[in-house]
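Input: a single structure, listed below in structure tokens.
The values are calculated or read from the model by the stated rules, or taken from the named source; none is laboratory data. Since this is a predicted model, take the numbers as computed values, not measurements. Because the Cβ atoms are built from the backbone with ideal geometry, glycine has one as well, and the counts that use them run over all protein chains shown. Calculation scope for accessible area: heavy atoms of the full protein, side chains included, ligands and nucleic acids excluded. Shrake-Rupley method; radii C 1.70, N 1.55, O 1.52, S 1.80 Å.
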Amino acid sequence: QVQVVESGGGLVQAGGSLRLSCAASGSAFRLYTMGWYRQAPGKQRELVAGITGGFNTNYDDSLKGRFTISRDNAKNTVSLQMDSLKPEDTAVYYCNAKVMAREYWGQGTQVTVSS
């Protein structure tokens, strides 16, 4: 069982920045594929960004240039730097860990961007 815990959400004005962090348990963290997803009210959960154990990244095309995913294998953490935030970025952001054909989710952290 992998425990996934997010932190760093909050309220920010449009144009501002936030950095989300996610900690995942397990000694094989370097092998996990980690991802950030978000779910806005009334919408489906969508992929924001992912990063493999080999540090390959992928992003939702509409977010490239504003969001940056990174990981620190020594600390078992993955981060999402969000810049130039817009009101439409308001959502619950979830961290996801994929390992050995299983996936694990955090409880989510709320990000609210005011106009």
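Confirm whether GLY53 is in contact with a Leu (Cβ under 8 Å, 6 or more places away or on another chain), modelled with pLDDT under 95 and among the small types (Gly, Ala, Ser). Steps first, please.
Details: in contact with a Leu (Cβ under 8 Å, 6 or more places away or on another chain): yes; modelled with pLDDT under 95: yes; among the small types (Gly, Ala, Ser): yes.
Judged against the criteria, GLY53 is a match.
Among the residues of region 82-96, write down those that are within 13 Å of the chain's Cα centre (by Cα) and within 14 Å of ALA49 (Cβ to Cβ). Please lay out each step first, then the result.
Looking only at region 82-96, we keep the residues that are within 13 Å of the chain's Cα centre (by Cα), and these are 82, 89, 91-96.
Residues satisfying the conditions are MET82, ASP89, ALA91, TYR93, TYR94, CYS95, ASN96.
Applying the selection to region 38-47, what residues are surrounded by fewer than 20 Cβ atoms within 10 Å (Cβ to Cβ) and in contact with a strand residue (DSSP E or B) (Cβ under 7 Å, 6 or more places away or on another chain)?
Scanning region 38-47 gives GLN39, ALA40, ARG45, GLU46, LEU47.
Residue-by-condition table, conditions (1) within 21 Å of ARG102 (Cα to Cα); (2) open to solvent by 40 Å² or more (accessible area, probe 1.4 Å); (3) under 12 Å from the mean Cα position of the chain (by Cα):
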site: LEU31; (1), (2), (3): yes, yes, no
site: TRP36; (1), (2), (3): yes, no, yes
site: ALA49; (1), (2), (3): yes, no, yes
site: LEU80; (1), (2), (3): no, no, yes
(message) Restricting to region 12-29, name every residue that is over 21 Å from ASN76 (Cβ atoms), of a type in the set (Gly, Ala, Ser) and open to solvent by 40 Å² or more (accessible area, probe 1.4 Å).
(response) ALA14, GLY15, SER17
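Kindly establish whether GLU88 is open to solvent by 30 Å² or more (accessible area, probe 1.4 Å), outside any strand (DSSP E or B) and of a type outside the set (Gly, Ala, Ser).
Numbers: open to solvent by 30 Å² or more (accessible area, probe 1.4 Å): yes; outside any strand (DSSP E or B): yes; of a type outside the set (Gly, Ala, Ser): yes.
Spelling it out, GLU88 is indeed open to solvent by 30 Å² or more (accessible area, probe 1.4 Å), outside any strand (DSSP E or B) and of a type outside the set (Gly, Ala, Ser).
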(message) I want to confirm something. Restricting to region 91-115 and keeping residues that are touching a residue at least 60 places away in the same chain (Cβ under 8 Å) and among the small types (Gly, Ala, Ser), which single residue is most open to solvent (accessible area, probe 1.4 Å)?
(response) SER115
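Given the condition in contact (Cβ under 8 Å) with a residue 24 or more places away in the chain, out of contact with any Pro (no Cβ under 6 Å at 6 or more places or on another chain) and open to solvent by 50 Å² or more (accessible area, probe 1.4 Å), answer yes or no: does some residue in region 69-78 qualify? Step through it out loud before you land on a result.
Restricting attention to region 69-78, the residues satisfying the condition of being in contact (Cβ under 8 Å) with a residue 24 or more places away in the chain are 69, 71, 73, 75-78.
Those left that are additionally out of contact with any Pro (no Cβ under 6 Å at 6 or more places or on another chain): 69, 71, 73, 75-78.
Within this subset, residues satisfying the condition of being open to solvent by 50 Å² or more (accessible area, probe 1.4 Å) are 75.
Yes, the conditions are met somewhere in region 69-78.
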(message) Quick check on my filter: what residues within region 76-114 are modelled with pLDDT of 95 or more and small (Gly, Ala, Ser)?
(response) SER79, SER84, ALA91, ALA97, GLY106, GLY108, SER114
